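Below is one structure, written out as structure tokens; the observations come after it.
The values are calculated or read from the model by the stated rules, or taken from the named source; none is laboratory data. Computed from a prediction, not measured in an experiment: that's the story for all the values here. All Cβ positions, even for glycine, are placed from backbone atoms using ideal geometry, and neighbour counts span all protein chains on display. These accessible areas exclude ligands, DNA and RNA; they are computed on the full protein's heavy atoms, side chains included. Shrake-Rupley method; radii C 1.70, N 1.55, O 1.52, S 1.80 Å.
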Amino acid sequence: MAKRPLTFDAEALRTFVTGIELGSFVLAADRLGRSTSAVSAQLKKLEQQAGTELVQKSGRHLILTGRGEVMMSYARRLLSLNDELSAALLASSLSGSLNLGMQEDFGETLLPAILGTFTRAHPQVQVSASITRNQQLLDGIRHNEFDLAVCWQGDDAPLFPSSQSLGRIPLRWIGPENFALKHYQESGEPLPLLVFEAPCLMRSAATAALDKAGIPWRIAFTSRSLSGIWAAMSAGLGITVRTDFGKPAAVRLLNELPEPGEVGISLHQSQMQPGDAARYLTQAITDFFATRQ
């Protein structure tokens, strides 16, 4: 008689994947709403089912064993199918409309990664997505023009009562591939900056970092859109500060310049009572950013 294949516990797989993605099973316990002892028990159960150790500690960090890497690859796919099935079964009960606002930086990543899957799973929900500047997004949330908005979060920007942090990510100096930074460093000529119209968090971060380091700069190009910034960079007009989200392939990271800091990402929700569709989309957005910290 053929040996029956193992059936891995889905909750144990979710605990395993979440712990590795967050880099801590203590954080995984908090994310999943479980005790640390329950999370440890689930990991132990999964290792017993697999018949091998899946995770090792390296200093303060968690690393996967060889079998652990195999388990992670399959676990992500299994959980993705599980979650798609769960969403599909709930699809008939979700309807209505959602207005989502987001920064341009997230358009190429957030739209296909989340909205594509969400709309396939919930075809009765009509989703409208608007891509615009931070201030317009915040104004839209205040006036209930958006149900949800993914925004940059400055250190001095207060969160709304219904907001949540999606984490913080580093800012990067970005320039054309052939940008002659050494020339500016040796000649003392002002660095040409490509920026949004003020007020802009990243414009302020760029100029503050250069001022602190005593590096001269000038505004070479001002744009109302991110596409305008990238077009100006493609033309070789200067450099800018952004994040890795939405960064074109044919650019150069200028790590020689002083670090411009980091920026927070926030998910804001309108003051209107959220429906089930908004709650499911909120969870999808939260999960998306949790894997990218």
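Looking at the chain, the accessible area is 55 square angstrom per residue; that uses a 1.4 Å probe and ignores ligands, DNA and RNA. The listed residues TYR74, TYR280, once ranked by accessible area (1.4 Å probe) with the largest placed first, stand as TYR74, TYR280. Across the chain, the mean sequence separation of Cα contacts (distance under 8 Å, 6 or more residues apart), normalised by length, yields a relative contact order of 21 percent.
Short-range pairs are left out: with C-alpha atoms under 8 Å and at least six residues apart, the relative contact order of region 35-90 is 19 percent.
Taking all protein chains as present, what is the carbon and sulfur share of the accessible area of region 1-101, in % to the nearest whole number, probe 1.4 Å?
Working: 3430 of 6590 Å².
The nonpolar share, carbon plus sulfur, comes to 52 percent.
Among the trypsin sites (Lys or Arg not before Pro) in region 215-258, those placed in a DSSP loop whose Cβ has at most 14 other Cβ atoms within 10 Å are ARG224.
Please compute the length gained on full extension between LEU6 and GLN124, using 0.36 nm multiplied by the number of residues separating them and subtracting their Cα-Cα distance. List each step's numbers first, then the result.
On the way: separation 118, 0.36 × 118 = 42.48 nm, distance 3.71 nm.
The LEU6-GLN124 span can extend by a further 38.8 nm.
The alpha-carbon of LYS247 sits under 30 angstrom from the alpha-carbons of these lysines, leaving out residues fewer than 8 places away in its chain: LYS182, LYS212.
The figure for ASP147 is an accessible area of roughly 50 square angstrom, using a 1.4 Å probe on the protein chains alone.
Tell me, what are the semi-axes, in whole angstrom and largest first, of the equivalent ellipsoid of the chain as set by the roots of 5 times the Cα gyration tensor eigenvalues?
On the way: eigenvalues 312, 139, 57 Å².
Output for the chain: semi-axes of 39, 26, 17 Å.
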